[in-house]
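Worksheet for the structure shown next.
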Amino acid sequence: MCTSRIFPLPKACPRCTTALVTGAVGEAFLDECPSCHGIWVDAQSLEKIVADPELQAALGEPSAASPARSSLATARYVACPSCAQIMNRMNFARISKVIVDVCRAHGTWFDANELAQLSVFLREGGMAKWQKRHEEESAQGRRDAHAANVAAVINGEHASPEIERCRDYSHAADFVMQLAFALFGRR
Ligand SMILES: [Zn+2]
Ligand SMILES: [Zn+2]
């Protein structure tokens with residue numbers, strides 16, 4: 001959410017260095033590796049995917065033939081295609097079992113099949129389950145803390161102070177409201 005998409009630069013696949021090919025699903029940009037089929041998703045695009053069931057459906061179903069190969073324990077760490085910093089590996093939303101590589105400033109790397117797995121998690125109400133788990137774990141249970149941590153999932157961080165370091169704070173706040181509406185407003 002701190003990045004600009006006006007003049008996207010060519011990026012190399014963090015796994016195999018093949019040049020990524022930029023495509024789009026709705027308003028979300030996806031940079032896919034034509035060789036290993038991993039997908040780079042910038043932070044703004046991932047917010048849109050998390051908030052929009054139509055985008056989630058458009059991402060399709062995971063292929064049984066090519067399960068994600070990564071796990072928290074075995075996969076090697078990879079560098080962000082934008083800034084070359086080594087990314088953090090995390091279980092998306094802690095309960096999804098989709099292990100992703102996250103650069104807090106730029107976006108999230110999904111190995112082959114992982115983005116489709118995430119879309120299934122989201123379509124099955126994963127974020128609401130995560131929210132419930134978080135509420136159960138939260139001793140204070142304050143609503144603002146929950147909201148801040150929803151955005152923190154996208155940023156690859158579970159603690160809320162990271163949000164304040166983001167230059168575009170108002171955008172983060174808008175996203176939290178949008179996401180809260182998507183999760184609880186129309187069902
Ligand atoms: Zn690749
Ligand atoms: Zn980066």
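What follows draws every value from the coordinates through simple rules; no lab data is involved. Here the structure is a predicted model, which means the values were calculated and not measured. We place every Cβ from the backbone using ideal geometry, glycine too, and count neighbours over all the protein chains shown.
Where does the stretch 21-123 land on Rg/Rh, using Cα atoms and the Kirkwood Rh?
0.92
Between beta-carbons, use under 13 Å as the cut-off and find the net charge around residue 80, counting Lys and Arg +1, Asp and Glu -1.
Here the charged neighbours net out to +1.
List 36, 13, 83, 103 from most exposed to least, where exposure is judged by having the fewest other Cβ atoms within 10 Å.
83, 36, 13, 103
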